[in-house]
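Peer 1: Starting off with a structure, shown below.
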Amino acid sequence: MNYKTPGVYVEEKETFPPSVAQVETAIPAFIGYTAKGQKNKPTRISSMLEYEALFGEAKPEDFLIDVSGDSVTGYSVEANIAPSPFKMYYAMQMYFANGGGACYIVSVGEEDIYYSTVSSNELVEGLDTLKKEDEPTLIVFPDAEALGAGASSGLYKYALEQARDLKDRFVILDVIYQPNWKVEINEFLTGLNIGEYLKYGAAYFPKLETVLSYGYDEATIMVEGTALEDLKTSNSELYNKVKKAIESTPVVLAPSSAIAGVYAKVDSTSGVFKAPANVGLNYVVAPTVKISDREQDLLNVNAKSGKSINAIRSFVGRGPVVWGARTLDGNSNEWRYISVRRFFNMVEESVKKATERFVFEPNTANTWVRVQTMIENFLNQQWQDGALAGSKPEEAYYVSVGLNKTMSAQDILEGRMNIEIGMAAVRPAEFIVLRFSHKLQEA
């Protein structure tokens, strides 16, 4: 300090190096149609109650009621439905039920007011609004299944490109199929011809039969020419049977919203370095397709495309379980696993934000030491938490910065500070092999 007036002055000396604060890792952005809410404005929420207040509830479905019998012989009721393509409300229920927390909602339009079908262009516009949002780390499209295999591939391709460009987010894809999934999966994967972008997303299959019931309006459902709400007083027996038939029709959903909840739960309980797999799913009765070991062989690494799809399977005594941990880039040794890619995302974003304070600082040894120490302290904590492999720190990571190490004199003249960081990220034990043999009797 340049003191000019006589007196006593207090100075505090900094003894601790600056630190890296870990960024949030599981903040999904759900992009789709809602019952109400401002269009294309990313909005942060943290509960289902908050979602309902801002974006409304499920669109009432149109049920066709088939009644046979009478009050003497007894009624037999069937409730038939061609579900609306808008799934956001049910997706949010699945997300919070499976461990989800804070998230963003991007409403691309109000259901059945301006839109009666799902538009890939509208979803792309909603996705574009996220470019300026720093917090979201996951991208989910609850309504994408209505687009079909071809159009959904184009949408997901665009999302993966955004994730690659921004390097701070990850896309959860739903494999789109109708009846013949073995054929349509190849069409879906072929549309994702984007090479290096594949490591920024993971695909899941199949759809899920849930415990949720479709929303409906008693005033608009007709039963033999009478509104359901009027049956409540005129024929309570038939009224109750119709309601039971409607409410026992399960909502079938693509898995991405439940998987986003699983990511959030695993990140909060174990850490982003833990694979979001071998986890049971709440609110799920069963996957809509039973997958055998042989069929999963073909999904784990698709022979034609080289891409990977994560299966959801049911096992006796366990129920529905996430049974896959790969990114789409299934042939890559570096980026095969979701946990590795997302861990690198977290470290890269955390270190980037922390080093911003050193922009325009003197590009000298004193600054280099401070930067190196700051990053090493952060990585050491990651190693202690179990995110990095190695029995000692030098086996788990390294940080290098300095003249004739990572920079030349020309780099310094041009204002560049180059920092090299290496990490030995832990990888999941995807295949556990138990080897048994006979041991000969010795006595």
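Peer 1: For the range 186-223, give me the residue count where each residue is under 17 Å from Glu145 (Cβ atoms), part of a strand (DSSP E or B) and out of contact with any Lys or Arg (no Cβ under 8 Å at 6 or more places or on another chain).
Peer 2: 7
Peer 1: Within the range 137-169, can you find the residues that are within 23 Å of Asn345 (Cα to Cα), surrounded by fewer than 22 Cβ atoms within 10 Å (Cβ to Cβ) and not hydrophobic (A, V, I, L, M, F, W, C)?
Peer 2: Lys157, Tyr158, Glu161, Gln162, Arg164, Asp165, Lys167, Asp168
Peer 1: Would you confirm, using the coordinates I've provided, whether Pro28 is modelled with pLDDT of 95 or more, over 30 Å from Glu376 (Cβ atoms) and within 22 Å of the chain's Cα centre (by Cα)?
Peer 2: Criteria met by Pro28.
Peer 1: May I pose another question? Select from the range 51-75 the residues that are more than 27 Å from Ile31 (Cα to Cα), assigned to a strand (DSSP E or B), touching a residue at least 12 places away in the same chain (Cβ under 8 Å) and of a type outside the set (Asp, Glu) and list them in ascending order.
Peer 2: Scanning the range 51-75 gives Leu64, Ile65, Val67, Tyr75.
Peer 1: Please verify whether Val183 is among the aliphatic types (A, V, I, L, M) and surrounded by fewer than 17 Cβ atoms within 10 Å (Cβ to Cβ), treating the condition exactly as stated.
Peer 2: Judged against the criteria, Val183 is a match.
Peer 1: Which pairs do you get when a residue that is surrounded by 19 or more Cβ atoms within 10 Å (Cβ to Cβ), found in the range 239-250, comes within reach of a residue that is among the hydroxyl-bearing types (Ser, Thr, Tyr), reach meaning Cβ atoms under 6 angstrom, with the pair 6+ apart or on two chains?
Peer 2: Once the first residue is surrounded by 19 or more Cβ atoms within 10 Å (Cβ to Cβ) and sits in the range 239-250, its partners that are among the hydroxyl-bearing types (Ser, Thr, Tyr) give Lys241/Tyr75; Ile246/Tyr216.
Peer 1: Which one of Thr327, Thr269, Thr355 is closer than 24 Å to Asp168 by Cβ, at pLDDT 95 or above and surrounded by fewer than 16 Cβ atoms within 10 Å (Cβ to Cβ)?
Peer 2: Thr269 is the lone residue from the list that is closer than 24 Å to Asp168 by Cβ, at pLDDT 95 or above and surrounded by fewer than 16 Cβ atoms within 10 Å (Cβ to Cβ).
Peer 1: So Arg44 fits all but one of (1) charged (D, E, K, R); (2) part of a loop (DSSP other than H, G, I, E, B); (3) modelled with pLDDT of 95 or more; what number is the exception?
Peer 2: Exception for Arg44: condition (2).
Peer 1: Continuing with this model, one more query. Please work out if Ser234 is touching a residue at least 12 places away in the same chain (Cβ under 8 Å), loosely packed, with under 14 Cβ neighbours inside 10 Å and among the small types (Gly, Ala, Ser).
Peer 2: no
Peer 1: Any residue that is in contact (Cβ under 8 Å) with a residue 24 or more places away in the chain and among the acidic types (Asp, Glu) - is there at least one of those in the range 352-372?
Peer 2: no
Residue by residue, here is whether (1) in a strand (DSSP E or B); (2) more than 25 Å from Ala264 (Cβ to Cβ) holds:
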{"site": "Leu130", "(1), (2)": "no, no"}
{"site": "Glu135", "(1), (2)": "no, no"}
{"site": "Pro142", "(1), (2)": "no, no"}
{"site": "Glu145", "(1), (2)": "no, no"}
{"site": "Ala151", "(1), (2)": "no, yes"}
{"site": "Gly154", "(1), (2)": "no, yes"}
{"site": "Glu161", "(1), (2)": "no, no"}
{"site": "Ile172", "(1), (2)": "yes, no"}
{"site": "Tyr177", "(1), (2)": "no, yes"}
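The values are calculated or read from the model by the stated rules, or taken from the named source; none is laboratory data. Keep in mind the model is a prediction, meaning the values are calculated, not measured. Counting neighbours? That spans all protein chains shown, and the Cβs are built from the backbone with ideal geometry, glycine included.
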